[in-house]
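**Q** One structure is given below, represented as C-alpha cells, and several questions about it will come after.
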Amino acid sequence: MWDLVKQGVSCSRIFSTTTVTSNSSNGEIPSDLLMAKKAMSVPDRTQGVYQDLVIPVTNFHYEDKGLMALAGDVFDVPIRKDIVHRVVRWQLAKRQQGTHSTKTISEVSGTGRKPHPQKGTGRARQGSLRSPHMRGGSTMHGPKPRSHAFKLNKKVRRLGLKIALSARAAEGKLVIFDDLSVPTHKTKNIVNWVNGLDDSKKLLLVDDGAINEKLKLATQNIHYVNVLPTIGLNVYSILQHDTLVMSRAAVNRIVERMHTPINR
C-alpha cells in the first residue's frame with residue numbers, strides 16, 4: 001500500500017484496485033487504508049519538495065568563483081502564465097497615474113442664461129449653452145481623476161516573482177556574480193562584458209542594498225542595461241530584460257524574503 005503512495009498513484013486508483021477486507025464484524029476500513037487516503041488527500045507542503053539548483057558563480061572578468069545552490073522553492077517552481085499575467089496587470093494598474101479629467105456642466109466656462117424663450121420660437125427647448133449637446137459644452141460621464149489600483153493577494157504576488165525567477169533560471173538566463181563591484185566607472189568595460197554574452201539584448205543587474213556608485217555611473221548611459229536593488233526587484237522588470245544578473249548577496253536576500261511568513 002505505502003509503495004503505491006510513494007510512487008504517486010492517485011487515491012482513487014488505490015481504492016478502486018484494492019479489496020477492502022476486515023476481520024471485525026462491524027466492517028470498519030483498516031487503519032492503513034485510512035492513513036493512505038489521508039496522505040493522498042492532503043498535499044505535502046514540507047520543506048525540500050523542490051530540487052535545489054546549482055549554478056556557477058562568476059564576475060565581470062569571467063573568473064570562476066565556485067558554485068552556488070539556489071533554493072528550489074524559489075528558483076525552480078512550475079511556470080504559470082496566468083499568475084504572471086495577474087501580477088503584471090496589478091503592477092501596471094498600480095502605477096497608472098489616473099490624472100485624466102473632463103469637465104462637467106458646472107465646470108464648463110459659459111453663460112448661465114437661457115438660450116431662447118421656452119415657447120413661441122418654434123425651436124427645440126434649451127436650458128443651457130453648457131449642455132453636452134452644445135458646441136463647447138460639457139462631457140457627460142467622462143473620466144475623472146481616480147486610482148486604477150486593485151487588490152492582489154500577497155501570496156499571488158510572491159508566487160509571480162518566484163515564477164519569473166524560475167523562468168530565467170530554466171532558460172539559462174540567470175547569471176550569478178560573486179559581487180557587482182567594478183574597479184572603474186568607465187562605460188566601455190560594461191559594454192565589452194555585455195558583448196561577450198550570448199543572445200543577451202537587455203540585462204538587469206540586481207544587487208543587495210545600495211547600488212555601487214561606480215556601477216551606477218558605468219551603466220547610466222547604456223539603454224539596454226539597468227540596475228535595481230533587491231527591494232525593487234519585480235516581475236515586470238524581469239520580463240522586460242532577457243538576462244538577469246544577481247549577486248550572491250542579492251540571491252540570499254531574495255530567498256530570505258520569499259521564506260518570510262506573510263503577515264495577515
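**Q** Take LYS119 and tell me if it is assigned to a loop (DSSP other than H, G, I, E, B), assigned by TED's automatic domain parsing to the domain that holds VAL225 and either loosely packed, with under 13 Cβ neighbours inside 10 Å or hydroxyl-bearing (Ser, Thr, Tyr) (or both).
**A** Numbers: assigned to a loop (DSSP other than H, G, I, E, B): yes; assigned by TED's automatic domain parsing to the domain that holds VAL225: no; either loosely packed, with under 13 Cβ neighbours inside 10 Å or hydroxyl-bearing (Ser, Thr, Tyr) (or both): yes.
Spelling it out, it is not the case that LYS119 is assigned to a loop (DSSP other than H, G, I, E, B), assigned by TED's automatic domain parsing to the domain that holds VAL225 and either loosely packed, with under 13 Cβ neighbours inside 10 Å or hydroxyl-bearing (Ser, Thr, Tyr) (or both).
**Q** Look through SER106, SER138, SER131 and report the one residue that is in contact with a Gly (Cβ under 6 Å, 6 or more places away or on another chain), of a type outside the set (A, V, I, L, M) and in a loop (DSSP other than H, G, I, E, B).
**A** Details: SER106 fails: in contact with a Gly (Cβ under 6 Å, 6 or more places away or on another chain); SER138 fails: in contact with a Gly (Cβ under 6 Å, 6 or more places away or on another chain).
Selected residue: SER131, the only one of SER106, SER138, SER131 that is in contact with a Gly (Cβ under 6 Å, 6 or more places away or on another chain), of a type outside the set (A, V, I, L, M) and in a loop (DSSP other than H, G, I, E, B).
**Q** Now for a different question. Tell me yes or no: at least one residue of the range 87-97 is assigned to a loop (DSSP other than H, G, I, E, B) and either surrounded by 10 or more Cβ atoms within 10 Å (Cβ to Cβ) or out of contact with any strand residue (DSSP E or B) (no Cβ under 8 Å at 6 or more places or on another chain) (or both). First the steps, then the outcome.
**A** The first filter runs over the range 87-97 and keeps only residues assigned to a loop (DSSP other than H, G, I, E, B), leaving 96-97.
Filter once more, keeping what is either surrounded by 10 or more Cβ atoms within 10 Å (Cβ to Cβ) or out of contact with any strand residue (DSSP E or B) (no Cβ under 8 Å at 6 or more places or on another chain) (or both): 96-97.
Yes, that holds for at least one residue.
**Q** Any chance the range 201-221 includes a residue that's assigned by TED's automatic domain parsing to the domain that holds GLU63, of a type in the set (Asp, Glu) and under 21 Å from the mean Cα position of the chain (by Cα)?
**A** Looking only at the range 201-221, we keep the residues that are assigned by TED's automatic domain parsing to the domain that holds GLU63, and these are 201-221.
Retained after the next criterion (residues that are of a type in the set (Asp, Glu)): 207-208, 213.
Now drop any that are not under 21 Å from the mean Cα position of the chain (by Cα), which leaves 207-208.
Yes, there is a match, as at least one residue in the range 201-221 is assigned by TED's automatic domain parsing to the domain that holds GLU63, of a type in the set (Asp, Glu) and under 21 Å from the mean Cα position of the chain (by Cα).
**Q** Just to verify a result, which residue in the range 153-178, among those that are in contact (Cβ under 8 Å) with a residue 60 or more places away in the chain and in a loop (DSSP other than H, G, I, E, B), is farthest from VAL84 (Cα to Cα)?
**A** Top of the filtered list is ASP178.
**Q** Please indicate, with yes or no, whether at least one residue in the range 229-242 is out of contact with any Asp or Glu (no Cβ under 6 Å at 6 or more places or on another chain) and farther than 27 Å from LYS154 by Cβ.
**A** Taking the range 229-242 as the starting set, the residues that turn out to be out of contact with any Asp or Glu (no Cβ under 6 Å at 6 or more places or on another chain) are 229, 231-242.
Imposing the further condition that a residue be farther than 27 Å from LYS154 by Cβ reduces the set to 242.
Within the range 229-242 (the criterion being out of contact with any Asp or Glu (no Cβ under 6 Å at 6 or more places or on another chain) and farther than 27 Å from LYS154 by Cβ), the answer is yes, since at least one residue qualifies.
**Q** Looking at the range 217-262, which of its residues are touching a residue at least 60 places away in the same chain (Cβ under 8 Å), of a type outside the set (A, V, I, L, M) and either in a loop (DSSP other than H, G, I, E, B) or in contact with a strand residue (DSSP E or B) (Cβ under 8 Å, 6 or more places away or on another chain) (or both)?
**A** Correct list: ASN234, ASP242, THR243, SER247, ARG248.
**Q** Here's something else I'd like to know. When you scan the range 208-238, how many residues do you find that are surrounded by 16 or more Cβ atoms within 10 Å (Cβ to Cβ), closer than 21 Å to SER166 by Cβ and of a type in the set (A, V, I, L, M, F, W, C)?
**A** Selection size over the range 208-238: 4.
**Q** OK, next. Mind listing whichever residues of the range 108-146 are farther than 30 Å from GLN97 by Cα and small (Gly, Ala, Ser)?
**A** So in the range 108-146, the residues farther than 30 Å from GLN97 by Cα come out as 111-129, 134.
Within the range 108-146, GLY112, GLY120, GLY122, ALA124, GLY127, SER128 qualify.
**Q** Checking the structure you have, find out if any residue of the range 208-215 is more than 19 Å from ALA69 (Cα to Cα), part of a helix (DSSP H, G or I), at pLDDT 95 or above and in contact with a strand residue (DSSP E or B) (Cβ under 8 Å, 6 or more places away or on another chain). Give the steps one after another, and end with the answer.
**A** The initial filter retains those residues of the range 208-215 that are more than 19 Å from ALA69 (Cα to Cα), namely 209-215.
Keeping just the survivors that are part of a helix (DSSP H, G or I) gives 213-215.
Applying the additional criterion that residues be at pLDDT 95 or above yields none.
Checked the range 208-215: no residue is more than 19 Å from ALA69 (Cα to Cα), part of a helix (DSSP H, G or I), at pLDDT 95 or above and in contact with a strand residue (DSSP E or B) (Cβ under 8 Å, 6 or more places away or on another chain).
**Q** Pairs, please: C-beta under 9 Å, at least 6 apart or cross-chain, first residue without any contact (Cβ under 8 Å) to a residue 12 or more places away in the chain and in the range 194-216, second in a helix (DSSP H, G or I)?
**A** Taking only residues 6 or more apart or on different chains, not a single pair turns up.
**Q** Let me ask another. Are any residues in the range 179-207 in a loop (DSSP other than H, G, I, E, B) and surrounded by fewer than 13 Cβ atoms within 10 Å (Cβ to Cβ), and if so, which ones?
**A** First, pick out the residues of the range 179-207 that are in a loop (DSSP other than H, G, I, E, B): 179-186, 196-202.
Within the range 179-207, PRO183, THR184, GLY196, ASP198, ASP199, LYS201 qualify.
The values are calculated or read from the model by the stated rules, or taken from the named source; none is laboratory data. Just so you know, these numbers come straight off a predicted model, no measurement behind them. Don't worry about glycine lacking a Cβ; one is built from the backbone with ideal geometry, like all the others, and counts go over all protein chains shown.
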